[in-house]
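Everything below concerns the one structure shown next.
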Amino acid sequence: MKGKSARDKGKKGERFIAELLTRLSGVKYRRTPLSGGLRLEFPFDVLKIGNEPSRFDGVGIEVKNTANLSIPDWIRQIKGECEDAGYASFSSKWCIAFRHKTEWYFLLNQNYFEHLNKN
């Protein structure tokens, strides 16, 4: 079980990514309430507010704000969350946003990378 400081660090990272997505898309995003605690209804860490279209629609987003890199575990987690959300594994698009030390990094699967590079 995570301690309070680890939970607060995770929430801070989720808010940062929600603000970044809002700034990049012009559509409001927020961290998911209870961050995964509502897994069946909102399986991802960041949630779009409203119905306005966004370039991030259909993308599962997992946020990690940690010094410990566990990328294979994170990939298993986001794939499970995509399945929970009803995304077919062959067409799902996902991104893991993670902060390691002082920098943010973004790990995308091939489907999402190809989607971003169309046109």
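Screening 48, 64, 118 for residues that are surrounded by 13 or more Cβ atoms within 10 Å (Cβ to Cβ), farther than 25 Å from residue 4 by Cα and of a type in the set (D, E, K, R) leaves exactly one candidate, 48.
The condition of being in contact with a Pro (Cβ under 6 Å, 6 or more places away or on another chain), within 20 Å of residue 21 (Cα to Cα) and of a type in the set (D, E, K, R) does not hold for residue 114. In this structure, is residue 5 assigned to a helix (DSSP H, G or I), modelled with pLDDT under 90 and over 14 Å from the mean Cα position of the chain (by Cα)? Yes, satisfied. Report, ordered by the first and then the second residue, all pairs with beta carbons closer than 6 Å, sequence separation of six or more or different chains, a first member in segment 51-68 that is over 13 Å from residue 92 (Cα atoms), and a second member that is of a type in the set (S, T, N, Q). Filtered contacts from segment 51-68: 54/25; 55/25.
Can you name the residue in segment 30-65 that is at pLDDT 90 or above and of a type in the set (S, T, N, Q) and is also nearest to residue 11 (Cα to Cα) among such residues? Only one residue tops the list, namely 65. Looking across segment 88-111, the residues that are farther than 19 Å from residue 73 by Cα and either surrounded by 10 or more Cβ atoms within 10 Å (Cβ to Cβ) or in contact with a Leu (Cβ under 7 Å, 6 or more places away or on another chain) (or both) come down to 91, 111.
The values are calculated or read from the model by the stated rules, or taken from the named source; none is laboratory data. Not measured: the values here are computed from a predicted model. We place every Cβ from the backbone using ideal geometry, glycine too, and count neighbours over all the protein chains shown.
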